[in-house]
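Participant: This is the structure I want to talk about, given as C-alpha cells.
The values are calculated or read from the model by the stated rules, or taken from the named source; none is laboratory data. Just so it is clear, the structure is predicted and the values come from calculations on it, not from any experiment. Neighbour counts are summed over all protein chains in view; Cβ atoms, including those assigned to glycine, are modelled from backbone coordinates with ideal geometry. SASA here: full protein model, heavy atoms, side chains in, ligands and nucleic acids out. Shrake-Rupley method; radii C 1.70, N 1.55, O 1.52, S 1.80 Å.
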Amino acid sequence: MEFIGEIEEPVISENANNDSYASDLEANNFQEPCLEMEFESQENAYSFYVQYAKCVGFGVSIKSSRRSKISRQFIDVKYACTRYGNKRESTSQNPRPCLKVDCKAGLHIKRRCDGKWVIHGFIKDHNHELFPTYAHYFPCHRSINKAQKQCIDTLQHVGVRTNKIYATMAKQHGGYEKVGCLEKDVRNHLDKERRLNLESGDANAMLECFMLMQEENPRFFYAFDLDDDGRVKNVFWVDANGRDDYQEFGDVISFDTTYITNKYKMPFAPFIGVNNHFQSRLLGCALLANESSESFIWLMKIWLRAMGGKPPNAIITDQDKAMKVAIEEVFPNTRHRFCLWHILRKVPEKLSHVMRKNEDFTRDFNACIYKSRSIQQFEDKWKEMVEKFQLSEDGWIRSLYGERGHWVPVYMKDTFFGGLSTTQRSESINSFFDKYVVIP
C-alpha cells in the first residue's frame, strides 16, 4: 500500500474570467512575463514563472524541452498550465475527475549564445477559472525547505503530534496558506523517515521468505513493526541456531548499526556474540527505518522476547544516545559499554587544537585510559591532564568524563566482557554479509 502526498487540483469551471488576475499581481508587487525578458539561468526563469503562477492562481508543469546536439545542454523549454491537454476516456468504474481542458497558457524560453535565457513566447489567457487564494494547494507551489524539516523533526522527536506540528508552523509563518506545504506533506515527510526504504514488493518477498523458513524450522523467529497505515517500519529475524547459541554464549553482546548505514543509508543491526572458541556468533538481525530511540526500544524488546526473556549480562555499542536510552529502558540491569575505538578515533577531530600545540597530549591521554589501575588513579590522572592542557571548559572532554562509567576500562573490571572492549566483532562480520549483499 502506497501513501501519496499529492492532492488533486480543485475541479473548476471551464468558462472563466481572467480579467481579475491583474489586481492579484499588483497586490503581490509581481511583474507579468513579457517577451525578451532575460534570466541568468533556466532555474531562475522557472522560479519566476512559478511565482507568477502562484500570484495568478494556476499550476505549472514542463510541457517540452530540447537539448543542443553538440553540447547536450538545454536550449529550449516550454512551461504550461497544468490543465493543458485533452480529456481522456477512462475505462475504470470510478474514474477520477479529469482536469484537462486544453488550456493554451504557457511560457516559452530559449537559451542565447551568451548563456542567458530569454522569454521567446508567452500566452497569458486561460480558458478556465483561476484561484490565487487556493494556489498553495497546487503541488508545484508546495515544498518543505531544510529549516522546516529540522523544525518538524525536532518537534516530532519530543512527541508533538503531526497536526500540532503543522499548527505551529502556520503560527510561525502567519497563516496556513503561507507555510508552503500541507499537513499531508508534513505527514509524508515523517512517514518517510519512519518506514523502511523498500522497493515495491520487497516487503511481501521478505515475509514469504520468513514464512518459508519458519515452515522448515518452527523455531525461526521474525517480527514486523508496522506504522498506523500498515506499512513496514522495522524488521527483526533470528534462526534457531542463533537462539540456541544465545542460551550458551549470551553473556556479552556486540550491537552495531554502521554496516548498511554506510553503504545504503538504511540501518542494518546485527546482534553478535562470542562462543568458547572466541568465534563470532550471529544472534539476530534487523532492518530499521531510522536510528531513533523508538526503533531501538522496539527492536530490543522483540529480541529479548525471541531469546526467552533472558537479558545479556553486558552489551557493547557505539556512543549513541538513542541506543543508550533504549538499553536503559529494556535492559536496566545489563552493563552497557561504549566501543572504545569509536571514542578514540574522535580524538584527532575533537582535540586537534590541543594536539597541534602539545606533542605529549596523546601519550598522557592514553596513559590515563590504559595505565590507570584503580578508579581513584584514573580520577587523579584525568584531573591532572585536564589542568595541564586547559581542557576544563571543553564540552567534549566534559561529556566523556560524565560517561566515564561506560567506556573507561578501569570501571569495567567488575564485569565479564569476554575480552571485548569494542564493536569490532560486529564490524568484522561485515565480510560475511558482503557475500550476500549486492551493492546497487
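Participant: Quick test for you: out of G121, G115, pick the one residue that is modelled with pLDDT under 90, open to solvent by less than 60 Å² (accessible area, probe 1.4 Å) and farther than 26 Å from L182 by Cα. Explain how you work it out, then say what you get.
Facilitator: On the way: G121 fails: modelled with pLDDT under 90.
Selected residue: G115, the only one of G121, G115 that is modelled with pLDDT under 90, open to solvent by less than 60 Å² (accessible area, probe 1.4 Å) and farther than 26 Å from L182 by Cα.
Participant: Is segment 125-148 home to any residue that is touching a Lys or Arg at 6+ places or on another chain (Cβ under 8 Å), over 17 Å from C81 (Cα atoms), open to solvent by 90 Å² or more (accessible area, probe 1.4 Å) and part of a loop (DSSP other than H, G, I, E, B)?
Facilitator: no
Participant: A further question on this structure: So M323 passes all but one of these: (1) in a helix (DSSP H, G or I); (2) open to solvent by 70 Å² or more (accessible area, probe 1.4 Å). Which condition number does it fail?
Facilitator: So M323 meets the others, but not (2).
Participant: Against the definition (free of Cβ contacts under 8 Å to residues at least 12 places away in the same chain, out of contact with any Cys (no Cβ under 9 Å at 6 or more places or on another chain) and among the hydrophobic types (A, V, I, L, M, F, W, C)), how does M355 come out, yes or no?
Facilitator: Here the answer is yes, as M355 does meet what is asked.
Participant: Please go through segment 376-396 and pick out each residue that is closer than 23 Å to M412 by Cβ, loosely packed, with under 13 Cβ neighbours inside 10 Å and of a type in the set (D, E).
Facilitator: Step one: list which residues in segment 376-396 are closer than 23 Å to M412 by Cβ, which gives 376-386, 396.
Imposing the further condition that a residue be loosely packed, with under 13 Cβ neighbours inside 10 Å reduces the set to 376, 384.
E384 - this is the single residue of segment 376-396 that is closer than 23 Å to M412 by Cβ, loosely packed, with under 13 Cβ neighbours inside 10 Å and of a type in the set (D, E).
Participant: Looking at Q150, Q156 in this structure, which one is farther than 28 Å from V56 by Cα and touching a Leu at 6+ places or on another chain (Cβ under 6 Å)? Before you say what the answer is, go through the steps one by one.
Facilitator: Numbers: Q150 fails: touching a Leu at 6+ places or on another chain (Cβ under 6 Å).
Of Q150, Q156, the one residue that is farther than 28 Å from V56 by Cα and touching a Leu at 6+ places or on another chain (Cβ under 6 Å) is Q156.
Participant: Then there is this: How do the pairs read when you match residues in segment 144-173 that are closer than 11 Å to V186 by Cβ and without any contact (Cβ under 8 Å) to a residue 24 or more places away in the chain with residues anywhere that are open to solvent by less than 90 Å² (accessible area, probe 1.4 Å) and outside any helix (DSSP H, G or I), using Cβ under 6 Å and keeping only pairs 6 or more apart or on different chains?
Facilitator: Note: pairs meeting the criteria are M169/V179; A170/V179.
Participant: Of the residues that sit in segment 301-320 and are assigned to a loop (DSSP other than H, G, I, E, B) and open to solvent by less than 30 Å² (accessible area, probe 1.4 Å), which one is farthest from V408 (Cα to Cα)? Walk me through it before giving the result.
Facilitator: Within segment 301-320, the first condition is being assigned to a loop (DSSP other than H, G, I, E, B), and the residues that meet it are 307-313, 318-320.
Now drop any that are not open to solvent by less than 30 Å² (accessible area, probe 1.4 Å), which leaves 307, 312, 318.
Numbers: M307: 29, P312: 20, D318: 14 Å.
So, considering only residues that are assigned to a loop (DSSP other than H, G, I, E, B) and open to solvent by less than 30 Å² (accessible area, probe 1.4 Å), the one farthest from V408 (Cα to Cα) is M307.
Participant: Looking only at residues in segment 343-375 that are under 38 Å from the mean Cα position of the chain (by Cα) and of a type in the set (K, R), which one is most open to solvent (accessible area, probe 1.4 Å)?
Facilitator: Step by step, filter segment 343-375, then rank; the result is R356.
Participant: Are any residues in segment 269-288 open to solvent by 20 Å² or more (accessible area, probe 1.4 Å) and of a type in the set (G, A, S), and if so, which ones?
Facilitator: S280
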